[in-house]
Amino acid sequence: MLLWDVVESLVTGEERTGGVLGPVGVGRAAGEIASASSASYGLEARVFDMLGLLVSLNVALFAFNLIPLPPLDGGHVAGAAVEGTRRTLARVAGRADPGPVDMARVLPLTYVVVTLLIGMGVLLAFADIVRPVTF
């Protein structure tokens, strides 16, 4: 839903005050933290905020990468889980090992997901340039 808010702000021209940031927005936020005046924003607060930005970015990438879609790591985990389940069920039923799962069968889904991810990245970069988030 947050991505829809970004599209809506691009179409209507309203100000973005929060929400999803792309790579340009994250870089801008890091630049604003680093270049803030030290009189009102001490070094300790800047280091703390920069580390918080880095940690939140890493946690978000970790969680996003676990989504069970084929080009992401979660898709590989899902394929391995399906293969392990098939082997376990075959062993319990006394049948032969069914062999590895053919992950090439999900390539059309992979192409769709990669296209959506690229589109999302371009949209967020465009939004961060045209309608940057105000802090």
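The chymotrypsin sites (Phe, Trp or Tyr not before Pro) found in the stretch 1-110 that occupy coil by DSSP, while having at most 14 further C-beta atoms within 10 Å, are Y41.
Across q = 0.22 Å⁻¹, the stretch 1-80 modelled as identical point scatterers on its alpha-carbon atoms has Debye log10 I(q)/I(0) values of -1.04, in the order of the q list.
Counting only other residues whose beta carbon sits under 13 Å from that of L89, what net charge do I get with K and R as +1, D and E as -1?
Working: positive: R86, R87, R91, R95; negative: E83, D97.
In short, +2.
Of V6, V26, V82, the sequence from fewest to most neighbouring Cβ atoms within 10 angstrom is V82, V26, V6. Between 0 and 90 degrees, the angle of helix 73-93 with respect to the longest Cα principal axis of the chain falls at about 20 degrees. Checking [x] 21.5, 74; [y] 16.5, 61; [z] 17.2, 50 against Rg and Dmax of the Cα atoms in Å calculated from these atoms, the matching label is [x].
Below 8 Å, C-alpha to C-alpha, sequence gap of six or more: please give me the relative contact order for the stretch 2-130 in percent. The value is 30 percent. For the pair V55 and S35, label points projected 7 Å from Cα toward Cβ lie 2.7 nm apart. Taking trypsin sites (Lys or Arg not before Pro) across the stretch 74-127, the ones in a DSSP loop with at most 12 further Cβ atoms lying within 10 angstrom of their Cβ are R95.
Throughout, read-outs are computed from the coordinates displayed, never taken from laboratory work. Quantities reported herein were computed from a predicted structural model and do not represent experimental measurements. Here Cβ is always computed from backbone atoms with ideal geometry, including for glycine, and neighbour counts include all displayed protein chains.
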